[in-house]
1. State the number of residues belonging to the stretch 57-79 that are surrounded by fewer than 14 Cβ atoms within 10 Å (Cβ to Cβ) and assigned to a loop (DSSP other than H, G, I, E, B).
2. Can you pull out the residues in the stretch 21-56 that are under 14 Å from residue 82 (Cβ atoms), touching a strand residue (DSSP E or B) at 6+ places or on another chain (Cβ under 9 Å) and not in a strand (DSSP E or B)?
3. Between residues in the stretch 15-37 that are closer than 21 Å to residue 53 by Cα and residues that are surrounded by 13 or more Cβ atoms within 10 Å (Cβ to Cβ) and modelled with pLDDT under 90, which pairs lie under 7 Å by C-beta distance while being six or more apart or on different chains?
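The values are calculated or read from the model by the stated rules, or taken from the named source; none is laboratory data. Worth saying up front: this structure is predicted, and the values here are computed from it rather than measured. No Cβ is skipped: glycine too gets one built from the backbone with ideal geometry, and neighbour counts run over all protein chains shown.
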């Protein structure tokens, strides 16, 4: 278990090394039968980034993870936008225009 905790800490640090990932929203580690590691993470990427930029950010993040933890044979990253749970969010009616029908 300690090894998995160490790996998680190392992987999170590797993901946050990039200037475009501000938060690791969720991180899951699973062991493969061959002793490798499957890494699944949701990472915060600024909403204003283009799809091309997101692709590059995720590629670089995957590379940092596999360099930091060589056992991480498979890395799945899901881009997301982090919403601070302590910040008041607008109501739906403030964002969505209601129909007249």
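1. Selection size over the stretch 57-79: 1.
2. The answer is 21, 22, 23, 45, 49.
3. 22/82; 23/82; 25/82
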